[in-house]
1. What number of residues within region 76-116 satisfy the criterion of being within 19 Å of residue 12 (Cβ to Cβ), within 23 Å of the chain's Cα centre (by Cα) and surrounded by fewer than 18 Cβ atoms within 10 Å (Cβ to Cβ)?
2. If you check 279, 258, which single one turns out to be part of a strand (DSSP E or B) and either more than 16 Å from the chain's Cα centre (by Cα) or polar (S, T, N, Q) (or both)?
3. Among the numbered criteria (1) in a strand (DSSP E or B); (2) more than 29 Å from residue 25 (Cβ to Cβ); (3) not aromatic (Phe, Trp, Tyr), which single criterion is violated by residue 57?
4. If I filter region 200-221 for residues that are out of contact with any Ser or Thr (no Cβ under 9 Å at 6 or more places or on another chain) and of a type in the set (Asp, Glu), do I get at least one hit?
5. Go through region 1-40 and count every residue that is surrounded by 14 or more Cβ atoms within 10 Å (Cβ to Cβ), of a type outside the set (Gly, Ala, Ser) and assigned to a helix (DSSP H, G or I).
6. Residues being among the basic types (Lys, Arg), surrounded by fewer than 21 Cβ atoms within 10 Å (Cβ to Cβ) and either on the phi > 0 side of the Ramachandran plot or not in a strand (DSSP E or B) (or both): count how many of those fall in region 165-194.
7. Which members of region 210-235 meet the condition of being more than 14 Å from the chain's Cα centre (by Cα), buried (at least 19 other Cβ atoms within 10 Å of the Cβ) and modelled with pLDDT of 95 or more?
8. Starting from region 188-207, keep only residues that are under 21 Å from residue 49 (Cβ atoms) and of a type in the set (Lys, Arg), then list their pairs with residues that are assigned to a helix (DSSP H, G or I) and at pLDDT 95 or above whose Cβ atoms are within a distance under 8 Å, requiring at least 6 positions of separation or different chains.
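The values are calculated or read from the model by the stated rules, or taken from the named source; none is laboratory data. From a predicted model like this one, the values you see are computed outputs, not experimental measurements. Every residue, glycine among them, receives a Cβ derived from its backbone with ideal geometry; neighbour counts consider all protein chains shown.
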Amino acid sequence: MLSDIVELLRLERLEKNLFRGKSRDIGSERVFGGQVLGQALVAATATVDGRSAHSLHGYFLRPGDVSAPIVYHVDRSRDGGSFTSRRVVAIQHGEQIFHMAASFQTPEVGLEHQVAMPQVPPPESLRRIDDIDETLLARAPEKLRRVIENARPFDTRPVDPIDPLQVQTRPPKREIWVRTAERVGDDEGLHRALLAYFSDYHFISTAMLPHGLSYLSSGVQVASLDHAMWFHRPFRVDEWLLLAYESPTASGGRGFARGSIFSHDGRLVASTAQEGLIRVRRK
């Protein structure tokens, strides 16, 4: 349920700059990267007044333990005239598992331009990924079934659905419409944290498309290495957003992908990028 994710993003404040968050098992055997990303952004936002996050850059250092909480320490690096800088370190079992730098800005008016949104069918004409995945459940391993069930707080509608059990070789790009399955309040910080949470879902899989692989393929090891986001314009995550992903390159055991996120009316509201580990162990 969406309320479970919203609760996950509500951190307990231990000290002025110290927070604790719960962990959630989505079937991936380690903490979902989007969870840590979203919680770290919430922790940073809690130390800033009157300014909105416009960018973040995070690195995944160690796998997270789903059975243990995560402690977030926020370093108040700088409070300037227009910008605020924060650094967040996520700690589990006494070790850093993630760190992130985030920047916040006082709203102001400036130059405006953007690229055009891709021409894709409207979300209302597409099938929910839940409906598509129901046809896979009978032959899917337990790992995939749990991931599908835990993604249902989001209404996700791929423009061109992909079967993760039988991936066909195809160009490294995909478009996905998404919104939360229920309405969310008006807390701008929560909307940005929820988008950060969801944005970790499809990056590495896009980079594997030219090779006919998915995270369920035999002998494939995948993991997020880093993640960056830029927030350009206001948006609501409970209204339709188009996530347009592409992967321009893969090399050295790593795949790189980037995404443009558009509102239903065509505004470019955010950009994001990620590099992930992709190792293929052939027999």
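1. 2
2. 279
3. (2) is the only condition that residue 57 fails.
4. Within region 200-221 (the criterion being out of contact with any Ser or Thr (no Cβ under 9 Å at 6 or more places or on another chain) and of a type in the set (Asp, Glu)), the answer is no, since none of the residues qualifies.
5. Looking only at that region, the number is 8.
6. Number satisfying all stated conditions: 2.
7. Of everything in region 210-235, just one residue is more than 14 Å from the chain's Cα centre (by Cα), buried (at least 19 other Cβ atoms within 10 Å of the Cβ) and modelled with pLDDT of 95 or more, namely 235.
8. Short answer, once both residue conditions are applied: 192/41; 192/45.
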